[in-house]
Amino acid sequence: MLTEINFDGIIGPSHNYAGLSLGNIASASNAGAVSEPRAAALQGIAKMRANIALGLPQGFFVPLDRPNTGWLESLGCDLASAEPHIRAAAYSASAMWAANAATVSPAPDTADGRCHLTVANLVTMPHRSHEWTGTLAQLRLAFADERHFAVHGPVPAPYGDEGAANHMRLCDGHGSAGVEIFVYGKTGGPFPARQHVEAGKAIARRHGLAPDATLLIQQSETAIAAGAFHNDVVAVANETVLFTHEQAFEDRTSAYAAIRAAFPQVQIVEVPASSVSLADAIKSYLFNAQLVTLPEGGHALVLPSESQEVTAVWQWLEAMVAGNGPIRRLVAVNVRQSMANGGGPACLRLRVVADPATIDPRFIATPESLDRIERVIAAHWPERIAPADLADPRFADAVRTARAALLDALDLGKLA
Ligand code: SUG
């Protein structure tokens, strides 16, 4: 049976704060801070367990091989000679944000009836531009069954593609055909617009989407300039519900009209700027939530605990769930280590609609496999990383050993 499975990126042993993402306010404000990779990864596991406790199927992806010495070599340097910002880019654990791994079109939406995945090229940010090779290898392993899946390479540069973070799907149920929305940016004022309109068009063609069930909508320049470097920082959709900030789209009236024309059943839950400013939305990350359908029915928002700390936001959310709307429950999770780099609960997961039996079982989370992962993290993940640690050659060995222990525990040595 087709069901939605959230695949979370396990937070890698080199998780650090290097301030690499222009336009991502949290990344810039925590540049140079000391990170806690062990705590970070354990927070991620606890979030997966919380979702399993809600009755939701869960999968995971493993961290990529870091530092990426092949990438450094292609730049004509090595770990010792690289400038600090290049060294940090080679070490980045940014593949944890699985919402940027790929764009996924479930089987009911596609011409050949298979689930299509296009790995994101992430060309805008240097530290993310070298993720796709490792991610593609993993997608090809997890979704190897070609009767059910088609895994595509990246859209070519210069058309920036950041994957599911800029993609929303509306449908009556995950197993029925849906409307896919590709949100692109043109400009972000002082900040880059990372998603190019041509990337969305190319993915829709490759995935064989029906033109009348495909929308291209421009993200608002004001939102990007305020720090919404991905659409999922200001909007999220699940089944018939679109939960969005009033200023998410450049032309809100035509965006809603196009969505309603393509999918008349849509329930748009809009948060007005007069109640929650863009600045508060970005600080609290209330939209970077997993909007999920609970097995007992109704929608829940799995959101970062930071949302509770911004009074205007929490008040609005409490009033929303007390009302008669489709979102009835709030579940706060602690992913503070990831949040400090601009990654909330929704960033950490990639949604795939599929029959779990068609996926490589090594990527499916169970309480037992999470126990195993937790033990490896507790034994091998560094407790702290300060910026200077990245210059120590012994540190590279510690990071590689930690990942190798995880691959070994999960029987995924093939990805080494
Ligand atoms: O691309 N942060 C990531 C956060 C990605 C969040 N994903 C979604 N919104 N779906 C980014 O900006 C920070 C890395 C650093 O500064 O070291 C970083 O890459």
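The values are calculated or read from the model by the stated rules, or taken from the named source; none is laboratory data. A quick note: this is a predicted structure, and the numbers were derived from the prediction, not measured. No Cβ is skipped: glycine too gets one built from the backbone with ideal geometry, and neighbour counts run over all protein chains shown. Remember, those area values only see protein heavy atoms, side chains included, never the ligands or the DNA or RNA. Shrake-Rupley method; radii C 1.70, N 1.55, O 1.52, S 1.80 Å.
Measuring with a 1.4 Å probe in the full set of protein chains, what accessible area per residue, in whole Å², belongs to the chain?
Accessible area per residue, the chain: 36 Å².
Which ³J(HN,Hα) values in Hz, rounded to whole numbers, follow from the phi angles of region 7-17 under the Karplus curve 6.51 cos²θ - 1.76 cosθ + 1.60, where θ = phi - 60° and Gly and Pro get x?
Residue by residue, region 7-17 yields 9, 8, x, 5, 6, x, x, 9, 3, 8, 10 Hz.
Need the C-alpha centroid separation for region 218-285 versus region 290-321, integer Å.
Spelled out, the Cα-based centre of one part sits 16 Å from the other.
Work out how much length A225 to R260 would gain on full extension: take 0.36 nm times their residue separation and subtract the Cα-Cα distance, in nm to one decimal.
9.9 nm
Going by the alpha-carbon gyration tensor, a ≥ b ≥ c the square roots of its eigenvalues, is region 14-135 rounded (a/c under 1.5) or, if a/c is not under 1.5, prolate (a/b greater than b/c) versus oblate?
oblate
In region 63-150, which GluC sites (Glu not before Pro) are in a loop and have at most 11 other Cβ atoms within 10 Å, using DSSP for the loop call?
Those satisfying the criteria are E146.
Given Cα positions, please report Rg to Rh for the chain, the hydrodynamic radius being the Kirkwood one.
0.94
Can you figure out the FRET efficiency of R336 with S176, using R₀ = 41 Å and their beta-carbon distance, to the nearest 0.05?
0.65
Ignoring ligands, DNA and RNA, what percent of the 1.4 Å accessible area of the chain is carbon and sulfur?
54
Through the Karplus equation 6.51 cos²θ - 1.76 cosθ + 1.60, θ set to phi - 60°, convert the phi angles of region 294-308 into ³J(HN,Hα) values in whole Hz; use x for Gly and Pro.
7, x, 7, x, x, 9, 10, 10, 9, 10, x, 4, 4, 4, 6
In percent, how large is the relative contact order of the chain, given Cα pairs closer than 8 Å and 6 or more residues apart?
Value for the chain: 23 percent.
Taking 0.36 nm per residue of separation and subtracting the Cα-Cα distance, what length does fully extending L216 through L75 add?
Fully extending the segment from L216 to L75 adds 47.2 nm.
How big is the accessible area of R140 in square angstrom, nearest 10, if you roll a 1.4 angstrom probe over the protein chains?
Surface accessible to solvent at R140 totals approximately 120 Å².
What do you get for GluC sites (Glu not before Pro) in region 264-325 restricted to DSSP loop and a cutoff of at most 12 other Cβ within 10 Å of the site's Cβ?
In loop regions of region 264-325 (DSSP not H, G, I, E or B), the sparsely surrounded GluC sites (Glu not before Pro) are E296.
List the residues of region 70-86 whose backbone N lies under 17 Å from a point placed 7 Å from the Cα of A404 along the Cα-to-Cβ direction.
Taking a point 7 Å out along Cα→Cβ of A404, the residues of region 70-86 whose backbone N falls under 17 Å are 70.
Give me, ordered by chain and number, the residues 5 or more places off Q219 or on other chains with an amide H under 5 Å from its own placed amide H.
Close amide H contacts, sequence-distant or interchain: Y184, G185, K186, E250.
Let a ≥ b ≥ c be the square roots of the eigenvalues of the Cα gyration tensor of region 246-352; is it rounded (a/c under 1.5), or, if not, prolate (a/b larger than b/c) or oblate?
rounded
List the residues of region 332-349 whose backbone N lies under 18 Å from a point placed 7 Å from the Cα of A33 along the Cα-to-Cβ direction.
Counting only backbone N, you get 333-348.
Could you tell me the center-to-center distance, by alpha carbons, between region 133-148 and region 99-119 in angstrom?
12
Considering only protein heavy atoms, what is the solvent-accessible area of K201 at a probe of 1.4 Å, reported in Å² to the nearest 10?
My reading of the accessible area for K201 is about 70 Å².
Local charge sum around A137 (other residues, Cβ-Cβ under 15 Å, Lys/Arg +1, Asp/Glu -1)?
Every neighbour counted, the sum reads +2.
Simple spin-label model, 7 Å along Cα-to-Cβ: R205 to A322 in nm?
Each label point lies 7 Å from its Cα, and together they span 5.2 nm.
Where both partners of a DSSP beta bridge lie in region 3-415, what percent of those bridges are antiparallel, to the nearest 5?
Rounded to the nearest five, the antiparallel share is 55 percent.
I'd like the accessible area for W71: 1.4 Å probe, protein heavy atoms, all chains in place, Å² to the nearest 10.
40
Over region 157-266, what is the relative contact order in whole percent, taking alpha-carbon pairs under 8 Å and six or more residues apart?
29
Using a cut-off of 20 Å between alpha-carbon atoms, which lysines can reach K186, once sequence neighbours fewer than 8 places away in the same chain are excluded?
K201
If you average the sequence gap of Cα pairs under 8 Å that are 6 or more apart and divide by the length of region 329-416, what percent do you get for the contact order?
About 26 percent, as a whole number.
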